[in-house]
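Asker: Handing you a structure now.
The values are calculated or read from the model by the stated rules, or taken from the named source; none is laboratory data. Quick caveat: nothing in here was measured; it's all calculated off a predicted structure. When we count neighbours, we look across all protein chains shown, and the Cβ atoms used for this are built from the backbone with ideal geometry, even at glycine. These area figures cover heavy atoms from the full protein model, side chains too; ligands, DNA and RNA do not enter into them. Shrake-Rupley method; radii C 1.70, N 1.55, O 1.52, S 1.80 Å.
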Amino acid sequence: MNSYSYRDAGVDIDAGNALVEAIKPLAKSTARTGSDAGLGGFGALFDLRAAGFQDPLLVSTTDGVGTKLKVAIEAGKHDTVGIDLVAMCVNDLVVQGAEPLLFLDYYATGKLDVAAGRDIVAGIAEGCRQAGCALVGGETAEMPGMYASGDYDLAGFSVGAVERSQVLTGADVAAGYVVLGLASSGVHSNGYSLVRKLVGVAGLDYGSPCPWDAGRTLGEALLAPTRIYVKSVLAAVRAGTVRALAHITGGGLLENIPRVLPDGLGVELDAGTWEMPNVFHWLMRTGSIAPEEMARTFNCGIGMVALCPADKAGEAASILAAHGESVTRIGTVVPAGAHRVVIRGMEGWR
């Protein structure tokens, strides 16, 4: 009778152990007060009191990177999608005023590639450092037969905390509030099914020269990581200048801003107040995409929106700019009409 091992079934325990050893220093580099960010246990502890919280509420999020992973796989570049994974979770935490505390990841593949896995986790660790949260653990799953050769999937999970008295709900937003837009770093991590389709329509591959950014390949340009807004936004929130925030993800500007507005209110935005990055102009031309479709699919250059009382908007913008954000006053909160988000001047995007 033949004797079989787990390796014969396609699962390499030694490769998994090698990856764990390779990423331990990466996790340790994200240690913060409240967590030592060590790997190897069955669970991770976090000390909220040591982190300085008195009466905290916990806020949790989970997300992925979507089909942007296909771009990374086909381009053979895996060191930035981990930043995207963290960003998609922690940017959702901060819109409720929460400070991200800890992060866990799930990495699943058909056959474990230790080098690619280390690049992925290096990106996750970098995202955690940018957000100020600890990478406390995760799961690496080698599942032969579930994924095609070279394919993998990522999921992220984050927990943050906010003092009960400081939760952002948007409930006190009123007509006349100023809408500040924080610039995105590009497409971020939404709409890539359409992006990938348009790359094919244009007859390009990810090794082709980028049509809008000389000196980079198309893959490198499309893999620009999602901007992490945590530290800048928390500074503005803690200064009492911001009453609501909207992370502009799937659904774009049209569908995300109303999520933080009280009933009966909308926003009027002026598309001429900010510069839409060239990647969006290329997508729009290549796919003959209508402006309204752009605004409900992509961030169009605005990755985060802050709603501020008119007398606090200038201070908020100064704080955000001091923390490295490109900030523009893009509109005003108004009584809602037929549409809760109206964007004037989108014809200028063509």
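Asker: Among L93, L104, which is the only one that is buried (at least 24 other Cβ atoms within 10 Å of the Cβ) and of a type outside the set (V, I, T)?
Answerer: L93
Asker: Select, from Y229, Y206, the only residue that is closer than 17 Å to A317 by Cα and in contact (Cβ under 8 Å) with a residue 12 or more places away in the chain.
Answerer: Y229
Asker: In addition: I need every pair where a residue in segment 338-350 that is under 17 Å from G251 (Cα atoms) and open to solvent by 60 Å² or more (accessible area, probe 1.4 Å) has its Cβ under 8 Å from the Cβ of a residue that is among the β-branched types (V, I, T) and outside any helix (DSSP H, G or I), sequence separation at least 6 or different chains.
Answerer: That search, which allows pairs on different chains as well, returns R340/V267.
Asker: Only one of R118, R129 is over 15 Å from the mean Cα position of the chain (by Cα), outside any loop (DSSP other than H, G, I, E, B) and basic (K, R). Can you tell me which?
Answerer: On inspection, the qualifying residue turns out to be R118.
Asker: All but one of (1) under 30 Å from D270 (Cβ atoms); (2) surrounded by 15 or more Cβ atoms within 10 Å (Cβ to Cβ) hold for G137; which doesn't?
Answerer: (1)
Asker: Of all the residues that make up segment 144-203, how many are aliphatic (A, V, I, L, M) and under 28 Å from L320 (Cα atoms)?
Answerer: Selection size over segment 144-203: 15.
Asker: Of the conditions (1) closer than 14 Å to Y152 by Cα; (2) more than 16 Å from the chain's Cα centre (by Cα); (3) in contact (Cβ under 8 Å) with a residue 60 or more places away in the chain, L57 fails just one. Which one is it?
Answerer: Against the list (1) closer than 14 Å to Y152 by Cα; (2) more than 16 Å from the chain's Cα centre (by Cα); (3) in contact (Cβ under 8 Å) with a residue 60 or more places away in the chain, L57 comes up short only on (1).
Asker: Within the set of pairs 6+ apart or on separate chains, which have a first residue in segment 85-105 that is more than 13 Å from V136 (Cβ to Cβ) and modelled with pLDDT under 95, a second that is open to solvent by 10 Å² or more (accessible area, probe 1.4 Å) and of a type in the set (D, E, K, R), and C-beta atoms under 8 Å apart?
Answerer: none
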